[in-house]
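Enquirer: Questions regarding the structure given below will be posed in turn.
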Amino acid sequence: MADTAVSTNVSSTASLRDGPRGPKPRRTFSRRNILLYGTLFVIAVYYAIPLYVMIVTSLKGMPEVRMGNIFSPPLEITFAPWVKAWSQACTGLTCKGLSIGFWNSVRITVPSVIISTIIASVNGYALANWRFKGANVFFTILIFGSFIPYQVLLYPVVILLREIGLYGKLAGLVIVHTIFGMPILTLLFRNYFSSLPEELFKAARVDGAGFWGIFLRVMLPMSIPIFAVAIILQVTGIWNDFLFGVVYTGPESYPMTVALNNIVNSTQGVVEYNVNMAATIITGLVPLTIYFVSGKLFVRGIAAGAVKG
Amino acid sequence: MKRPNQLFRNLSAKIAAIPMIVTGLFVFVGGTVWTVVYSFTKSGLLPRLKWVGLDQYERLWSTKRWLVSIENLAIYGISMLVLVFVIGFILATLIDQKVRFENAFRTIILYPFALSFVVTGLVWQWILNPEFGIQSIVRDLGWKSFTFDPLYTPEIAIYGVLIAGLWQGSGLVMVLMLAGLRGIDQDIWKAARVDGIPAWKTYLFIVIPMMRPVFITTLVLVVSGIVKLYDLIVAQTGGGPGIATEVPAKYVYDMMFAASNLGQGFAASTMMLVTVALIVIPWAMLEFGGKKNG
């Protein structure tokens, strides 16, 4: 304050030497901003290009694909490649398109997500609020288990599924997804429940609520976001799985990713790039939709799960 | 006073933990032990307990395809690790500059992470296709001798896969780093500015060390993703050209389910396990060794 008073009193040269005061006004087109937004724009274009290429190629006819370059927009939009990819594309053995794989994936994903989320949430809750002797040991085993390369466990699980008669069946794959999704989901739920104020839990206990009572009436209503996160995580993870699908199911029950790979990488006759790209984008459509719809939750989920871990 | 039976204390919690205990002990520990034990046997089409000592390992390490696989995983892994962190962190700092349309930028950079490796591999196979993709476009622009053909050039094919892997995975690192940056107290920045420390120095010597937990979680996520590398290879190159992009996970799969050579598969997967253990155990000891009940 005193400084300001002085500078208004002295001559104009002195005030020039002192320079302007207060925060520097930001111009929209400062060099920094042009550089910053320019860089970000270029990066965004780079990341978006493959999606663009997929869509554009899938809407072209084969003659146009052969002539033009992959970035040029279609001169004549055709949906024939999409139709063919969905219902007629050949997987090497049959020519029934992706639709079968799609429904297989639905039948795999829905029960897997429900079962794994329920088990992991109850488990995470037990670990966070009802610690029993040895709980941490088992939890540590589970977490370290998630580092074991899947390849080590592939065959033992084959034997396990064969023993219970589920090898090659969809139900077997559901069990596999439940098992391998357990570490990350349990961690997610445990961290979330641990972050809730303990007083809440104690108050409920004082009021006489038991294990399930607290879980269903106190914890569940407060944990809708984390459930959403877990479901998003699992749906995308299971939908995108390839390895388990190819190992634990047979040709009739292959999930979509495996069917897609068989369509595109089966080398028979003329390669129809437009059909391949249509099939690719159809397969990516489910997780993409979930991602774009749930956007912020998806981001918040992976961030929250990781930062607190 | 009679103490209640220890086993039945907290019974519901124990019941709730049964799936975890079964999975942990039976599948993870049991399965691992099983595979390691059978890697010392002469299992072919079916697992058989006929001991052959270290024969499978000797054969493994004298197989060219395995050596190529290991080399590829090392190249891919190290490049991926370094680049994904550098790119992810730079992207996070760029977005952290209070930019407008932050959500749009973040959404675009992260969407590949929602896609499967199969989809990723197929798209990049198409973009890198020499007849139609980048190479042909640049040639059409007039630069006739331009060559960018990684997927058909054995020496650099693995880098073609790396491009796809980075495109898919860097968004995740960015988001995690961004969350870490947002978790830093704004007063730190003010203090650094008052002391006249340039921004890059503040990042390097103050902010990054403070983000250690985020870095570690990210590292763990990225490393376990790298070791799993399989779908991307199958979709993008199928291991080719020749055996130029083979990786250990694919070797294991092919031995177990295509070549009816279970013993080789078990030995190879045990080697993968050893590799992961060599990374994870020291880290865990460093991280959790000092304190109890972490």
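The values are calculated or read from the model by the stated rules, or taken from the named source; none is laboratory data. It should be emphasised that the depicted structure is a prediction, and the values quoted were computed from it without experimental measurement. Methodologically, a virtual Cβ is constructed for each residue, glycine included, from the backbone with ideal geometry; neighbour enumeration extends over all protein chains shown. Each accessible area value is taken on the protein alone, full model and side chains, heavy atoms only, with ligands, DNA and RNA left out. Shrake-Rupley method; radii C 1.70, N 1.55, O 1.52, S 1.80 Å.
Enquirer: Test B:Ile21 against the stated conditions and say whether it is out of contact with any strand residue (DSSP E or B) (no Cβ under 7 Å at 6 or more places or on another chain) and either open to solvent by 70 Å² or more (accessible area, probe 1.4 Å) or under 30 Å from A:Ile290 (Cα atoms) (or both).
Expert: So B:Ile21 fails the test.
Enquirer: Ok, one more. (1) under 26 Å from A:Leu40 (Cα atoms); (2) in contact with a Phe, Trp or Tyr (Cβ under 9 Å, 6 or more places away or on another chain); (3) not hydroxyl-bearing (Ser, Thr, Tyr): which one isn't true of B:Val118, the others all being true?
Expert: Result: B:Val118 passes all but (1).
Enquirer: Can you list the helices (runs of 4 or more DSSP H) lying wholly within region A:133-243 that have 1 or more residues being of a type in the set (S, T, N, Q)? Walk me through how you get there before you give the answer.
Expert: Numbers: elements: A:135-145, A:150-163, A:170-195, A:198-206, A:224-240.
Those helices (runs of 4 or more DSSP H) span A:135-145, A:150-163, A:170-195, A:224-240.
Enquirer: Picking from B:Ile108, B:Ile188, which residue would you name as being within 10 Å of chain A (Cβ to nearest Cβ), modelled with pLDDT of 85 or more and touching a helix residue (DSSP H, G or I) at 6+ places or on another chain (Cβ under 7 Å)?
Expert: On the way: B:Ile188 fails: within 10 Å of chain A (Cβ to nearest Cβ).
Of B:Ile108, B:Ile188, the one residue that is within 10 Å of chain A (Cβ to nearest Cβ), modelled with pLDDT of 85 or more and touching a helix residue (DSSP H, G or I) at 6+ places or on another chain (Cβ under 7 Å) is B:Ile108.
Enquirer: May I pose another question? Residue under question is B:Leu83, and the condition is that it be within 30 Å of A:Arg32 (Cα to Cα), assigned to a helix (DSSP H, G or I) and in contact (Cβ under 8 Å) with a residue 60 or more places away in the chain; does it hold?
Expert: Details: within 30 Å of A:Arg32 (Cα to Cα): yes; assigned to a helix (DSSP H, G or I): yes; in contact (Cβ under 8 Å) with a residue 60 or more places away in the chain: yes.
Judged against the criteria, B:Leu83 is a match.
Enquirer: If you check B:Gly44, B:Gly77, which single one turns out to be among the small types (Gly, Ala, Ser) and within 26 Å of the chain's Cα centre (by Cα)?
Expert: Details: B:Gly44 fails: within 26 Å of the chain's Cα centre (by Cα).
Result of the check over B:Gly44, B:Gly77: B:Gly77.
For every residue, the table says whether it meets (1) out of contact with any Gly (no Cβ under 6 Å at 6 or more places or on another chain); (2) within 17 Å of B:Phe28 (Cβ to Cβ); (3) crowded, with 23+ Cβ neighbours inside 10 Å.
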residue	(1), (2), (3)
A:Leu127	yes, yes, yes
A:Ile141	no, yes, no
A:Leu154	yes, yes, yes
A:Glu163	yes, no, no
A:Pro197	yes, no, no
A:Ala204	yes, no, no
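Enquirer: Let me ask another. Suppose we keep only residues that are touching a helix residue (DSSP H, G or I) at 6+ places or on another chain (Cβ under 6 Å) and either open to solvent by 20 Å² or more (accessible area, probe 1.4 Å) or in contact (Cβ under 8 Å) with a residue 40 or more places away in the chain (or both) within region B:207-221. Which one would you say is nearest to the other protein chains (Cβ to nearest Cβ)? Don't jump to the end; show me each part of the working.
Expert: Filtering region B:207-221 for residues touching a helix residue (DSSP H, G or I) at 6+ places or on another chain (Cβ under 6 Å) gives B:211, B:214, B:217-218.
Those left that are additionally either open to solvent by 20 Å² or more (accessible area, probe 1.4 Å) or in contact (Cβ under 8 Å) with a residue 40 or more places away in the chain (or both): B:217-218.
Values: B:Thr217: 4, B:Thr218: 7 Å.
Top of the filtered list is B:Thr217.
Enquirer: Continuing with this model, one more query. Any residue at all in region A:188-196 that's under 21 Å from A:Asn240 (Cα atoms) and in contact (Cβ under 8 Å) with a residue 24 or more places away in the chain?
Expert: Taking region A:188-196 first, the residues under 21 Å from A:Asn240 (Cα atoms) are A:188.
Imposing the further condition that a residue be in contact (Cβ under 8 Å) with a residue 24 or more places away in the chain reduces the set to A:188.
Scanning region A:188-196 turns up at least one residue that is under 21 Å from A:Asn240 (Cα atoms) and in contact (Cβ under 8 Å) with a residue 24 or more places away in the chain.
Enquirer: Also: So which of B:Val37, B:Val99 ends up being without any contact (Cβ under 8 Å) to a residue 12 or more places away in the chain and facing chain A (nearest Cβ under 10 Å)?
Expert: On the way: B:Val37 fails: facing chain A (nearest Cβ under 10 Å).
Only one candidate passes the filter, namely B:Val99.
Enquirer: Within region A:273-281, identify whether any single residue is β-branched (Val, Ile, Thr) and open to solvent by 40 Å² or more (accessible area, probe 1.4 Å), and answer yes or no.
Expert: So the first thing to find is which residues in region A:273-281 are β-branched (Val, Ile, Thr), and the list is A:275, A:280-281.
Then keep just the ones that are open to solvent by 40 Å² or more (accessible area, probe 1.4 Å); that gives none.
No, because not a single residue in region A:273-281 is β-branched (Val, Ile, Thr) and open to solvent by 40 Å² or more (accessible area, probe 1.4 Å).
Enquirer: State yes or no: is B:Gly240 touching a residue at least 24 places away in the same chain (Cβ under 8 Å) and surrounded by fewer than 19 Cβ atoms within 10 Å (Cβ to Cβ)? Step through it out loud before you land on a result.
Expert: On the way: touching a residue at least 24 places away in the same chain (Cβ under 8 Å): yes; surrounded by fewer than 19 Cβ atoms within 10 Å (Cβ to Cβ): yes.
Answer is yes for this residue.
Enquirer: Scanning region A:165-179 for residues that are open to solvent by 10 Å² or more (accessible area, probe 1.4 Å) and of a type in the set (Gly, Ala, Ser), which turns out nearest to the other protein chains (Cβ to nearest Cβ)? It would help to see each step written out before you state the result.
Expert: Here is the first cut: in region A:165-179, the residues open to solvent by 10 Å² or more (accessible area, probe 1.4 Å) are A:165-171, A:174-175, A:177-179.
Restricting the remaining residues to those that are of a type in the set (Gly, Ala, Ser) gives A:165, A:168, A:171.
Details: A:Gly165: 18, A:Gly168: 12, A:Ala171: 16 Å.
Going through the qualifying residues, I end up with A:Gly168.
Enquirer: Shifting gears a bit: Looking at (1) facing another protein chain (nearest Cβ under 7 Å); (2) more than 17 Å from B:Ser39 (Cα to Cα), which is the one condition that is false for B:Ala258?
Expert: So B:Ala258 meets the others, but not (1).
Enquirer: Further question on the same structure: Quick one: is B:Lys42 out of contact with any helix residue (DSSP H, G or I) (no Cβ under 9 Å at 6 or more places or on another chain) and among the charged types (D, E, K, R)?
Expert: Values: out of contact with any helix residue (DSSP H, G or I) (no Cβ under 9 Å at 6 or more places or on another chain): no; among the charged types (D, E, K, R): yes.
The answer is no for B:Lys42.
Enquirer: Filter region A:67-90 for residues that are open to solvent by 20 Å² or more (accessible area, probe 1.4 Å), closer than 17 Å to A:Ala278 by Cα and part of a helix (DSSP H, G or I) and give the result.
Expert: Listed by number, the residues that qualify are A:Ala80, A:Trp82, A:Val83, A:Lys84, A:Trp86, A:Ser87.
Enquirer: From the set of residues in region B:270-294 that are within 16 Å of the chain's Cα centre (by Cα) and open to solvent by less than 20 Å² (accessible area, probe 1.4 Å), which is modelled with the highest pLDDT?
Expert: Ranking the qualifying residues of region B:270-294, first place goes to B:Met272.
Enquirer: For region A:97-118, does any single residue satisfy the condition of being open to solvent by 10 Å² or more (accessible area, probe 1.4 Å), part of a helix (DSSP H, G or I), at pLDDT below 90 and at the interface with chain B (Cβ under 10 Å from one of its Cβ atoms)?
Expert: No, region A:97-118 contains no residue that is open to solvent by 10 Å² or more (accessible area, probe 1.4 Å), part of a helix (DSSP H, G or I), at pLDDT below 90 and at the interface with chain B (Cβ under 10 Å from one of its Cβ atoms).
Enquirer: Against the definition (more than 24 Å from A:Ala259 (Cα to Cα) and either among the basic types (Lys, Arg) or touching a residue at least 12 places away in the same chain (Cβ under 8 Å) (or both)), how does B:Ala235 come out, yes or no? Break it down stepwise before answering.
Expert: On the way: more than 24 Å from A:Ala259 (Cα to Cα): no; either among the basic types (Lys, Arg) or touching a residue at least 12 places away in the same chain (Cβ under 8 Å) (or both): yes.
It is false that B:Ala235 is more than 24 Å from A:Ala259 (Cα to Cα) and either among the basic types (Lys, Arg) or touching a residue at least 12 places away in the same chain (Cβ under 8 Å) (or both).
Enquirer: Go through region B:120-170 and count every residue that is over 17 Å from the mean Cα position of the chain (by Cα) and in contact (Cβ under 8 Å) with a residue 40 or more places away in the chain. If you could, list the steps in order and put the result at the bottom.
Expert: Here is the first cut: in region B:120-170, the residues over 17 Å from the mean Cα position of the chain (by Cα) are B:122-157.
With the extra rule that they be in contact (Cβ under 8 Å) with a residue 40 or more places away in the chain, the set shrinks to B:122-125, B:151-155, B:157.
Total meeting the criteria: 10.
Enquirer: Identify all residues within region A:220-246 that are under 12 Å from the mean Cα position of the chain (by Cα) and either within 11 Å of chain B (Cβ to nearest Cβ) or crowded, with 22+ Cβ neighbours inside 10 Å (or both); write none if there are none.
Expert: Scanning region A:220-246 gives A:Val229, A:Ala230, A:Ile232, A:Leu233, A:Gln234, A:Val235, A:Thr236, A:Gly237, A:Ile238, A:Trp239, A:Asn240, A:Asp241.
Enquirer: Let me ask something additional. Taking region A:29-66, which residues are open to solvent by 40 Å² or more (accessible area, probe 1.4 Å), of a type outside the set (Ser, Thr, Tyr) and farther than 25 Å from B:Gln236 by Cβ? Give the steps one after another, and end with the answer.
Expert: First, the residues of region A:29-66 that are open to solvent by 40 Å² or more (accessible area, probe 1.4 Å): A:29, A:31-32, A:34-35, A:37, A:39, A:41-42, A:45-46, A:49, A:52, A:55, A:63, A:66.
Still in the running and of a type outside the set (Ser, Thr, Tyr): A:29, A:31-32, A:34-35, A:41-42, A:45, A:49, A:55, A:63, A:66.
Across region A:29-66, the qualifying residues are A:Phe29, A:Arg31, A:Arg32, A:Ile34, A:Leu35, A:Phe41, A:Pro63.
Enquirer: Tally time: how many residues in region A:271-292 are in contact (Cβ under 8 Å) with a residue 60 or more places away in the chain and either of a type in the set (Phe, Trp, Tyr) or closer than 13 Å to A:Gly92 by Cα (or both)?
Expert: 1
Enquirer: Confirm whether A:Arg162 is out of contact with any Leu (no Cβ under 6 Å at 6 or more places or on another chain), more than 7 Å from chain B (Cβ to nearest Cβ) and basic (Lys, Arg).
Expert: Working: out of contact with any Leu (no Cβ under 6 Å at 6 or more places or on another chain): yes; more than 7 Å from chain B (Cβ to nearest Cβ): yes; basic (Lys, Arg): yes.
Taking the combined requirement at face value, the residue satisfies it.
Enquirer: Checking the structure you have, find out if any residue of region B:47-70 is at the interface with chain A (Cβ under 7 Å from one of its Cβ atoms), of a type outside the set (Lys, Arg), in a helix (DSSP H, G or I) and open to solvent by 50 Å² or more (accessible area, probe 1.4 Å). Lay out the reasoning, then the answer.
Expert: Keep residues of region B:47-70 that are at the interface with chain A (Cβ under 7 Å from one of its Cβ atoms), which gives none.
No, every residue in region B:47-70 fails to be at the interface with chain A (Cβ under 7 Å from one of its Cβ atoms), of a type outside the set (Lys, Arg), in a helix (DSSP H, G or I) and open to solvent by 50 Å² or more (accessible area, probe 1.4 Å).
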